[in-house]
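The values are calculated or read from the model by the stated rules, or taken from the named source; none is laboratory data. Keep in mind the model is a prediction, meaning the values are calculated, not measured. We place every Cβ from the backbone using ideal geometry, glycine too, and count neighbours over all the protein chains shown.
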Amino acid sequence: MDRESAVSDSRSHAKHGPVRWLPLAAIRPAMSPAWRRWVGSRDSLTLRLTEAGRPRPFRVHLIDQRTDALRRDEAQALGLPTGRQAWQREVALCLGETPWVVARSVAPLEGLPAHDLAHLGERSLGSWLFRQPDLERGEIEVTRDPAGFHEAHGPWGRRSVFHHGGFRVLVQEWFLDAMADDLGLPSR
Ligand SMILES: C=C(O[C@@H]1C=C(C(=O)O)C=C[C@H]1O)C(=O)O
């Protein structure tokens, strides 16, 4: 088994295509310093994008929020059986009308603060998460594979699991070429 498939089985949900993840440390040498600062950041991406995009307004465009089966790579990250039903949310994080990041977050139904999350709408998940005082964030993993649920392309995707009490959510974020172009970032 090669290094990539050792980290995460690549045969995930057919609709989304395979997403192969590697620890950030393994991919760092291939990443420019400018992208390392974005991909390796552990504080709120919502805040970073808001600041980097000024004066354009930051906006969350809700693509979909539903209960659905987990992809294989997602189930592995959460230590759950493949196909387990989970809360899922897909968004585009936009500056003005332009998506800079697309994100897909998945959380087990057990321990889900359903009331808080059901009403998020076009408010950022991060703005809620980072208000939780006991929030912990797991290791960041990185991919070059596309998001699968959005047509835009980009240099890097990343994921990490957030814990808050009995609640866990796997947040996956893909940085898009439009963000690189607007901020003058290198291609990778
Ligand atoms: C996790 C954060 O929240 C962001 C907002 C999201 C949403 O509203 O669904 C999803 C992923 C994030 O990029 C963050 O700001 O760091």
task: For the range 33-49, name all the residues that are hydroxyl-bearing (Ser, Thr, Tyr) and part of a loop (DSSP other than H, G, I, E, B).
output: Ser41, Ser44
query: What residue, of Arg36, Arg42, Arg28, is among the charged types (D, E, K, R), surrounded by 14 or more Cβ atoms within 10 Å (Cβ to Cβ) and modelled with pLDDT of 95 or more?
result: Arg36
- prompt: How about the range 48-74: which of its residues are aliphatic (A, V, I, L, M) and more than 15 Å from the chain's Cα centre (by Cα)?
  reply: Ala52, Ala69
message: Can you go through Thr46, Thr67 and tell me which one is free of Cβ contacts under 8 Å to residues at least 60 places away in the same chain, at negative phi and among the hydroxyl-bearing types (Ser, Thr, Tyr)?
response: Thr67
Identity of the residue in the range 50-82, surrounded by fewer than 18 Cβ atoms within 10 Å (Cβ to Cβ) and touching a helix residue (DSSP H, G or I) at 6+ places or on another chain (Cβ under 7 Å), that ends up farthest from Gly111 (Cα to Cα): Ala52
field: Unique residue being at negative phi and within 11 Å of the ligand (Cβ to nearest atom) when the list is Arg84, Arg159, Arg144
entry: Arg159
field: Selected residue [under 24 Å from Thr67 (Cβ atoms) and touching a Phe, Trp or Tyr at 6+ places or on another chain (Cβ under 9 Å)] from Trp174, Trp100, Trp128, Trp156
entry: Trp174
task: Could you list, in sequence order, all residues of the range 111-134 that are surrounded by 15 or more Cβ atoms within 10 Å (Cβ to Cβ) and small (Gly, Ala, Ser)?
output: Ser124, Gly126
task: Would you check which residues across the range 162-176 are modelled with pLDDT of 95 or more and surrounded by fewer than 18 Cβ atoms within 10 Å (Cβ to Cβ) and list them?
output: His163
- prompt: Does the range 135-152 include one or more residues that are touching a strand residue (DSSP E or B) at 6+ places or on another chain (Cβ under 7 Å), in a strand (DSSP E or B) and surrounded by fewer than 20 Cβ atoms within 10 Å (Cβ to Cβ)?
  reply: yes
statement: The condition from (1) on the phi > 0 side of the Ramachandran plot; (2) assigned to a helix (DSSP H, G or I) that Gly121 misses is numbered (2)
